[in-house]
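J.: One structure is given below, represented as structure tokens, and several questions about it will come after.
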Amino acid sequence: MGRVTERRRVIRIRDGAVSTRPDTLVAEEPLEIRLGGKPLAITMRTPGDDFALAAGFLVSEGVLASAAELANIVYCAGATGEGGSNSYNVVDVRLADGVPVPDITLERNVYMTSSCGLCGKASLDAVRTTARWPLDTSPDTPVRIEPATLSALPDRLRAAQRVFERTGGLHAAALFTADGELLDIREDVGRHNAVDKIVGRALQQGQLPLSSCVLMVSGRASFELVQKAVMAGIPVLAAVSAPSSLAVDLAVETGLTLVGFLRGTSMNVYAGEHRLALSAAASTD
């Protein structure tokens with residue numbers, strides 16, 4: 001579907017000169033996620049990879065952990081009001097036979113904005129009790145990454161953002177190996193959506209847990225992004241901006257390596273420093 005970007009008229013002012021021109025904007029539309037025909041969540045997203053987004057969201061909610069647990073995902077009738085055509089803004093997820101369907105109550109029926117994800121979800125117990133793949137927290141963990149490798153990830157992320165180059169209005173999430181090889185990248189108006197698309201694609205391809213990967217995100221590292229990384233078995237999360245206090249608490253609690261303010265050769269390591277090949281001369285204040 002060619003709905004990732006849209007054109008709008010804009011008045012441009014440069015050095016006092018006024019002109020009119022078309023501008024390319026990133027599209028933002030609601031997506032309703034249903035589970036077994038019952039409404040579960042609504043998110044504001046950039047159209048595209050909708051099935052992966054829904055699957056990734058259910059991984060982060062502890063509903064899915066493998067492709068075998070997923071029967072199918074289909075678009076439902078979401079009429080636009082113009083002749084009853086489908087808006088492609090409603091998806092229904094069907095679980096495989098035998099997979100328990102969680103109770104869908106008003107507490108779980110949530111609205112997610114493109115900026116903050118699941119508003120108000122801030123319980124460490126939500127992850128502690130449902131994570132399928134506890135992260136390896138021993139000093140001998142197989143995932144080891146050089147700071148120089150981390151330093152190169154933001155530029156590689158930006159270089160792979162094809163829609164951002166046209167609009168300047170998208171977040172991105174990318175999956176890398178510990179050696180810095182790009183495995184996958186997704187863009188969306190919401191960081192949490194981009195991560196769900198990454199995780200959902202991995203689930204569909206039978207690749208969970210992502211226990212040898214590094215997740216790189218544009219913007220800040222929120223509690224929810226840490227949660228999504230943990231639920232997918234990702235041991236390292238890096239962001240170009242700051243983490244929240246609760247994100248750091250959750251990273252410490254689960255053993256996730258959390259890196260923020262990753263810009264050039266500078267970075268802050270907030271948790272899980274045992275996975276980084278740091279100099280023995282490193283000191284603490």
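J.: Please report the base-10 log of the normalised intensity I(q)/I(0) for the range 220-283, using a Debye sum with one equal scatterer per alpha carbon and no solvent, at each q in 0.15, 0.21, 0.26 (1/Å).
T.: Log-scaled intensity ratios, in q order: -0.41, -0.77, -1.10.
J.: Calculated FRET efficiency, residue 212 and residue 14, Cβ-Cβ r, R0 35 Å, to nearest 0.05?
T.: After rounding, the FRET efficiency stands at 0.15.
J.: Same structure again: Could you check the spin-label model distance between residue 242 and residue 156? Points 7 Å from the Cα along Cα→Cβ, value in nm.
T.: 2.8
Read-outs throughout are calculated quantities, based only on the coordinates presented, and are distinct from any laboratory measurement. Note that the coordinates shown come from a computational prediction; the quantities given were computed from them, not determined experimentally. Here Cβ is always computed from backbone atoms with ideal geometry, including for glycine, and neighbour counts include all displayed protein chains.
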